[in-house]
Amino acid sequence: DLQPILADGNAITSLAYGGGVWAVVYSQGSGWSNQVWEISSSFPEAAIQQRWSEGYDVTNLAYGDGTWVVVFSQNTGFSDQGWNTAADLSDDPIAQRLADGYSITSLAHAEDLWAVVFSVGSGLDGQDWAQDSAFPESAIDAAWQEDRSITSLVYGDGLWTAIFALESPFTTQAWNLK
C-alpha cells in the first residue's frame, strides 16, 4: 500500500520494472500532490484522457510484466501534455513536439511499443536524445560535456534510449551499471 508513504509528503517521482520487481522512487520537494495511479494490461489511453479532464498530469509511465502503470499528479506546473505511441522512436514526431515547445517527461517501452509523454512547462528545455544497442556511455559523456542532464534512460527493443536536457533541475549526475 503506497498511501502511508504518500501521506508523509512524498511523491512518486520514478517508477520502473526490471528483474521481476517494480521499483518506486519517492521524493519530497517535487510540489506534486494528490497522486493517483492506474494499472492496465493495455496502453491506458482512456485513463489518461479521463485524468486529464479531472486536472491531473501524467508524471510517470512504465511497463513491466504485461502491465502498464501510469502515475498522475496535480500541481506539476505543466500547462499542457500530449503523448505518442509507435513501434519505433521515429525522429519526426519527437522533433515536431520538441519544436512545438514540449519536453519529454516520461518514456516507456512495452514489448514492441514505445510510449512518450510530452509536457509544456516541465523546465526540461533544450532536449535531444540518443539510441544505441550498447549502453550509451559515449552519448552521456558528450551530453555532460555540453552541460546537458540525463532526464530519462530506458531500455527496450534491444536499444538504450537516453533523453538529455540543457535546462533541468539537476545539478550533479552520475551513473553506474550493476
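Couple of notes before you dig in:
- Centroid-to-centroid separation of the stretch 23-65 and the stretch 136-178 [C-alpha atoms, Å]: 23
- Residues of the chain: accessible area per residue with a 1.4 Å probe, Å²: 52
- Full-stretch length increase - Ala134, Val120 - with 0.36 nm per residue and alpha-carbon distance subtracted: 2.0 nm
- The amide H of Trp83, built 1.01 Å from its N in the peptide plane, has Phe118 as neighbours under 5 Å, considering only residues 5 or more places off or on other chains.
- Surface composition of the stretch 9-57: carbon plus sulfur atoms contribute 48% of the solvent-accessible area (1.4 Å probe, protein chains only, all chains present).
- Using θ = phi - 60° and Karplus 6.51 cos²θ - 1.76 cosθ + 1.60, couplings along the stretch 58-73 (whole Hz; Gly, Pro as x): 6, 10, 8, 9, 8, 9, x, 6, x, 10, 8, 10, 10, 9, 10, 9
- In this rough spin-label picture, where each label sits 7 Å from Cα along the Cβ direction, the Ser53-Asp8 distance is 3.7 nm.
- If R0 is taken as 25 Å, the Cβ-Cβ distance between Trp144 and Val36 corresponds to a FRET efficiency of 0.10.
- Whole-percent carbon and sulfur share, accessible surface of the stretch 104-178, 1.4 Å: 47
- Cα gyration tensor, the chain - rounded (a/c under 1.5), prolate or oblate: rounded
- The dipole here belongs to the chain: it is taken about the Cα centre, uses +1 on the Cβ of Lys and Arg and -1 on the Cβ of Asp and Glu, and is about 440 debye.
- Within the accessible area of the stretch 61-101 (1.4 Å probe), percent carbon and sulfur: 40
The values are calculated or read from the model by the stated rules, or taken from the named source; none is laboratory data. Quick caveat, the model's predicted, so the values are computed rather than measured. Here Cβ is always computed from backbone atoms with ideal geometry, including for glycine, and neighbour counts include all displayed protein chains. Protein only, heavy atoms only, side chains kept; ligands, DNA and RNA dropped before computing areas. Shrake-Rupley method; radii C 1.70, N 1.55, O 1.52, S 1.80 Å.
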